[in-house]
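J.: Could you have a look at this structure, given as structure tokens, before my questions?
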Amino acid sequence: MPMLAPEVARPMPAEATAMMDAAAAQDALVGDELSALVPKPDKPYSGKVVTSLAKALTAAAQLMGIQVEPAAYTGAVEQLDGDLLRFLAMFEAAAKDYGQPYPVPLSGIKGDSELTAITAHLMRLAKDTAFKDFLEAPAEELPPEGEAMEVMEVEEPMSEPPGTKAPAFDFKSRMRRS
């Protein structure tokens with residue numbers, strides 16, 4: 001699933017080229033690691049099924065403002081490529097955080113039927129305006145480094161005189177409903 005490259009009007013500085021090469025190498029490493037998570041299918045995936053998955057991922061990526069061009073898979077696909085797996089993993093995490101995880105985890109993909117279920121789920125999410133709002137919402141911020149977080153005070157247990165048995169802890173009475 002190749003990403004659309006922005007048009008560049010002038011040559012890039014050497015540092016930018018080196019950074020892009022390092023990023024591409026890191027992407028390849030992540031893709032290889034994800035390939036290990038998704039078992040090789042019992043039989044090759046159908047090209048039509050993988051093409052549909054790529055289109056669903058493209059639609060979901062557009063919710064985040066990411067422009068990608070889905071690849072067309074014409075023949076049998078022995079294994080999902082790294083780009084496809086990176087997008088699958090990214091949206092798996094987003095769908096889980098949203099409260100609507102994939103119907104099949106990436107490690108449970110065995111063939112076309114699992115890819116079809118994930119594709120249908122991604123298409124529903126791509127049309128869900130609340131999911132788009134969820135993706136656009138700012139992430140919860142942590143306090144700046146060095147700034148103290150709010151700390152709850154904990155009561156110190158009272159020490160019992162030696163030889164006395166402490167009363168049983170009543171957990172139910174200590175629970176507070178919110």
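J.: Mind checking whether some residue in region 83-102 is closer than 19 Å to Pro41 by Cα, part of a loop (DSSP other than H, G, I, E, B) and touching a residue at least 12 places away in the same chain (Cβ under 8 Å)?
T.: yes
J.: Okay, moving on. Out of all the residues in region 93-115, which are surrounded by 18 or more Cβ atoms within 10 Å (Cβ to Cβ) and under 20 Å from Ala71 (Cβ atoms)?
T.: Ile109, Asp112, Glu114, Leu115
J.: Across region 56-82, what is the total count of residues that are in contact (Cβ under 8 Å) with a residue 40 or more places away in the chain and not in a loop (DSSP other than H, G, I, E, B)?
T.: Residues in region 56-82 being in contact (Cβ under 8 Å) with a residue 40 or more places away in the chain and not in a loop (DSSP other than H, G, I, E, B): 9 in total.
J.: Here is a check on your reading of the model: is Phe171 surrounded by 16 or more Cβ atoms within 10 Å (Cβ to Cβ) and either at pLDDT below 95 or among the β-branched types (Val, Ile, Thr) (or both)?
T.: Considered against the rule, which asks whether it is surrounded by 16 or more Cβ atoms within 10 Å (Cβ to Cβ) and either at pLDDT below 95 or among the β-branched types (Val, Ile, Thr) (or both), Phe171 comes out as no.
The values are calculated or read from the model by the stated rules, or taken from the named source; none is laboratory data. Source: prediction; values computed, not measured. With ideal geometry, Cβ positions are generated from the backbone for all residues, glycine too; neighbour counts draw on all protein chains shown.
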